[in-house]
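Working notes, beginning with the structure itself.
The values are calculated or read from the model by the stated rules, or taken from the named source; none is laboratory data. Given the structure is predicted, the values throughout are model-derived calculations rather than measurements. With ideal geometry, Cβ positions are generated from the backbone for all residues, glycine too; neighbour counts draw on all protein chains shown. Calculation scope for accessible area: heavy atoms of the full protein, side chains included, ligands and nucleic acids excluded. Shrake-Rupley method; radii C 1.70, N 1.55, O 1.52, S 1.80 Å.
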Amino acid sequence: MKHQLAIAACATLLLSLPAQAGGTGQFVLPPYATIQNQIVAGEAWKDLREMVAGDAKLLDGEEILSFDAPVQAFDAATVPFSISQRSNSGKRIAELTVVVDDNPMPIAAKFEFGALMGDIHLESRVRYDVFSNIRAVAKTASGETYMVGRFVKAAGGCSTAVSRDLNVALSTMGQMKLKEFRDPNAVSTKAEGTVREVQLMIRHPNFTGMQVKTGTLDYIDPRFLDKVVVKLGDDVLFRMTGGFSISENPSFRFKFKDNGAGAITVYARDTEGAEFTHTFPLNSGV
Amino acid sequence: MFELLVTLCLSTVCAERVLPAAMPTDKAQCEASMNARSTGWVKAHEGYRVKGQRCVAIETLDDRAAKTTETSPGHFVHEGLVEPVGPKNAGDIANTGFIVGDKAVAVIDAGSSRKVAEALYLAVRSKTQLPIRYLLLTHMHPDHTLGAEVFKEAGAEIVGSAALQQAMASRAEAYTANLKRLLGDDAFHGTKIVLSDRGVADSETIDLGQRELELRAHPTAHTNNDLTIYDKTSSTVWMGDLVFLTHTPALDGSIVGWIKLLSELRKNGAKHMVPGHGPGRAAYPDGAKPTLGYLTSLAQQTRKAIKAGESLNTALKHIGQDLRGDWKEFDEFNPRNATSAYVELEWE
Ligand SMILES: [Zn+2]
């Protein structure tokens, strides 16, 4: 069924963007007034809303988050997005769900954050089948629900579902890499509570199930990472429950507060039950 | 010799298609076989129906035949347009052609649609009655492959890299849907994707009769299924999309692999090449320099951005922007290439 969905979606028409929010100098514009790709109204969200947020009141996420996704994505297999919590928001975000409204599997990922994540800074990449909104729905520890979204024109259409090189993808599945980013101006410190930034990369084709086996018309079953748990020592930084809308070779760049444990451990599992675990000693501050 | 033209309708869209036979036919043979051929075709193409049919002399079909240049005796090149695929050009944007030996013909690449492939087929038939024994596909991309069925009907064996069949099978639905949307119902009319019959794992020589072609499959570069064809007689290598001229290169494989391949182009005695896009003839190996230069700079800039800790979203906004030069379709292809390069090189 999902195959038909995906293909039907390829014939999508160009959606026009709504007129931009206007304003005059007399009022202080909200920070998002100049965003070029505001979310657009669509049918898909009506069904998704309940699944994602239940009957919670949806507050304007722009107040606590800045959300960046391109106006137009040239490689629809790899559409980057980033979420950055405003430093003065005074909220602790406990959960975040990323939704691509019009994808065959709209809920791309759900993150549950540990306290060490502090203000949330998270970047990842999703696949796009058709032009669609991407939204982040954040639940705070105090029970409020915020939503923020963008509309992305993905130019690659449907040619997005496949590994560039299937055999390589299968033979390297489960490899991981953790990159640490250091602010060159920052004083090197091991102090607990220091904010650090890393990028976790996991090799996995995240099969969508739209690929066809050689010489047949049978589909390969979907196979994607459905669970990722990232810990700093014994403290959970985040747990992700994912779908195949996350791009091949999933990547998560995020910030966290150091607890001095000195190593990040990653556990990942895919829908076939394959498990991958890696521990990365941290060099930052040494 | 006579060709069979059949008016075929899919819903309300009708067009007169060329239905090749495995061997050229005279008027009587064409007319005797036309019912069987048109019914057979309709059986294999769901939704189509025959509205009319006629056999016409090949000489009267000149204006439907693709324009080709005989760059060397028996070596014909058709230059695709350097523009986006659309209803007007029916996807005639890739360089294609054919090579004629003493006993047989090999066609190289098939265009984006049946319409484009029929034109190439008529160009072959206007030059020679020899059997079309091979259709050689340089790689999977739809602008090079979607017209392939025309040559299968003409009796050709479809040969590509050993990795081609799987690559095309897994993208068949997406390519079909995409091209249909880009070309529209008229230009896409009659087009049906077919897979290669056989793959070349490393290299193989085929003989067209006093004319040998050396086929070589390559490690992942432009795609994971690139194949080059070396015609020793004309001293020409068909590079497929390993070489772009005028049209911005498109990266859909490995930037590291592609740079390596072009840096090490074998001195095999060839003097000319046919690039996948742009002018139909360039010097071998120097014709690869613009592509190699673009890719090398793109890789350098991408590595620099990654090293500086730039996220993909940030890096995409500037990588390669200063490489525009005279490349066409740059704004469409450069950001896509930058994405591909980034997600490959961030693993280094
Ligand atoms: Zn190509």
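Per residue of A:119-125, count partner chain C-beta atoms within 10 Å of its C-beta, then hand back the mean as an integer.
1
Measure off, as a whole percent, the carbon and sulfur share of the 1.4 Å-probe accessible area of the stretch B:209-328, all protein chains present.
Roughly 53 percent of what the probe reaches on the stretch B:209-328 is carbon or sulfur.
Inside 10 Å of the C-beta atoms of A:69-79, what's the mean count of C-beta atoms belonging to other chains?
If you average over the peptide's residues, the count of other-chain Cβ atoms is 5.
Would you pull out the residues with amide H under 5 Å of B:A221's amide H, same chain only if 5 or more places away, H placed 1.01 Å from N?
B:D226, B:S254
Once you keep just the Cα pairs under 8 angstrom separated by 6 or more residues, what percentage relative contact order results for chain B?
13
Using a probe radius of 1.4 Å on heavy atoms only, what accessible surface per residue do you get for chain B? Whole Å² is fine.
With the other protein chains kept in place, chain B gives 38 Å² per residue.
Place +1 on the Cβ of every Lys and Arg and -1 on the Cβ of every Asp and Glu in the protein assembly as shown, take the dipole about the Cα centre, and give the residue among B:T233, B:I259, A:I93 whose Cα lies farthest towards its positive end.
Checked the options; the winner is A:I93.
When only alpha-carbon atoms count, how far does the stretch B:1-62 stretch along each of its three principal axes, as whole angstroms with the largest first?
32, 22, 15
When the accessible area of each residue in the stretch B:129-170 is compared between its chain alone and the complete protein assembly (1.4 Å probe; ligands, DNA and RNA ignored), which residues differ by at least 10 Å², being lower in the assembly?
B:Q165, B:Q166, B:A169, B:S170
Between B:R181 and B:A28, 0.36 nm times their residue separation minus their Cα-Cα distance comes to what?
Contour length minus the Cα-Cα distance gives 51.1 nm.
Of all accessible surface on the stretch A:43-190 at a 1.4 Å probe, what whole percent is carbon and sulfur?
48
List the accessible area buried at the contact between A and B, summed over both sides and calculated with a 1.4 Å probe, in Å² to the nearest 100.
The summed interface area works out to 3100 Å².
If I model a spin label as a point 7 Å beyond the Cα along the Cα-Cβ vector, how far apart are those points for B:T314 and B:D202 in nm?
4.7
Quote the FRET efficiency, to the nearest 0.05, computed for A:A274 versus B:S297 with a Förster distance R0 of 45 Å and r equal to the Cβ-Cβ distance.
Rounded to the nearest 0.05, the efficiency is 0.70.
Compare the peptides B:195-203, B:234-242 by average per-residue count of other Cβ atoms within 10 angstrom and give them in order, highest first.
Most protected by this proxy first, the peptides run B:234-242, B:195-203.
How big is the convex hull of the Cα atoms of the stretch A:75-131, per residue, in Å³?
Roughly 86 Å³ of hull volume per residue.
Arrange the peptides B:9-17, B:282-290, A:261-269 so that the one whose residues have, on average, the most other Cβ atoms within 10 Å appears first.
B:282-290, A:261-269, B:9-17
Placing +1 at every Lys and Arg Cβ and -1 at every Asp and Glu Cβ, with all other atoms neutral, what dipole size does the stretch B:242-344 have around its Cα centre, in debye to the nearest 20?
360
Rounded, prolate or oblate: pick one for the stretch B:225-348, where a ≥ b ≥ c are the square roots of the eigenvalues of its C-alpha gyration tensor, a/c under 1.5 means rounded, and failing that, prolate if a/b is larger than b/c, else oblate.
prolate
Once you sort the root eigenvalues of the Cα gyration tensor of the protein assembly as shown as a ≥ b ≥ c, which label holds: rounded (a/c under 1.5), prolate (a/b larger than b/c) or oblate (the other case)?
Prolate shape, in that a/c is at least 1.5 and a/b is the bigger ratio.
For the stretch A:29-281, what is the accessible area per residue in Å², given a 1.4 Å probe and the full set of protein chains?
Normalised by residue count, the accessible surface of the stretch A:29-281 is 40 Å².
List every DSSP H helix in chain B whose Cα atoms extend 15 Å or more along the helix's own long axis and whose mean Kyte-Doolittle hydropathy is at least -0.5.
B:114-127, B:164-188
What residue among B:V107, A:N37, B:H78 has its Cα farthest toward the positive end of the dipole of the protein assembly as shown, where the charges are +1 on Lys, Arg and -1 on Asp, Glu, each on the Cβ?
Farthest towards the positive end: A:N37.
For A:D68 and B:W347, FRET efficiency with R0 = 22 Å and r from the beta-carbon atoms, rounded to 0.05?
Plugging the Cβ-Cβ distance into 1/(1 + (r/R0)^6) gives 0.40.
So which of A:K139/A:K231; B:K51/B:K88; A:K190/B:K317; B:K152/B:K289; B:K232/B:K260; A:K255/B:K260 end up more than 29 Å apart by C-alpha?
A:K190/B:K317; B:K152/B:K289; A:K255/B:K260
Could you please state how large a percent of the accessible area of the stretch B:1-136 is carbon and sulfur, counting protein chains only and using a 1.4 Å probe?
Its accessible area is 54 percent carbon and sulfur atoms.
At a 10 angstrom cut-off on C-beta neighbours, averaged per residue, how do the peptides B:135-146, A:49-60, B:22-33 rank from highest to lowest?
Packing proxy ranking, top to bottom: B:135-146, B:22-33, A:49-60.
Can you give the mean number of other chain Cβ atoms that lie within 10 Å of the Cβ atoms in peptide B:68-81?
Across the residues of B:68-81, the mean count of other-chain Cβ atoms within 10 Å is 0.
How charged is the neighbourhood of B:F2? Take every other residue with its Cβ under 13 Å from the Cβ of B:F2, and add Lys/Arg as +1 and Asp/Glu as -1.
Net of charged neighbours comes to 0.
Ordering A:T208, B:T246 by how much accessible area each has at a 1.4 Å probe, largest first, what is the list?
So, going from the largest accessible area down, we get B:T246, A:T208.
Can you list the residues, at least 5 places off or on another chain, whose amide H is less than 5 Å from the amide H of A:Q38, using H built in the peptide plane?
For A:Q38, whose amide H was placed from the backbone, the distant partners under 5 Å are A:F151.
With charges set only on the Cβ (+1 for Lys and Arg, -1 for Asp and Glu), what does the dipole of the protein assembly as shown come to about its Cα centre, in debye to the nearest 20?
240
Show that you can apply the helix-only estimate: for chain B, add -39,500 (n - 2.57) for every DSSP H stretch of four or more residues, divide by all residues, and state [θ] at 222 nm to the nearest 500.
Calculated from helices alone, the mean residue ellipticity at 222 nm is -10500 deg cm²/dmol.
Quick check on chain B: what does the Kirkwood estimate of hydrodynamic radius come out to from the alpha carbon pairs, in Å?
20.7
How charged is the neighbourhood of A:A94? Take every other residue with its Cβ under 9 Å from the Cβ of A:A94, and add Lys/Arg as +1 and Asp/Glu as -1.
0
Using a ≥ b ≥ c from the Cα gyration tensor of the stretch B:1-154 (square roots of the eigenvalues), is it rounded, prolate or oblate, where a/c under 1.5 gives rounded and otherwise the larger of a/b and b/c decides, a/b for prolate?
Oblate.
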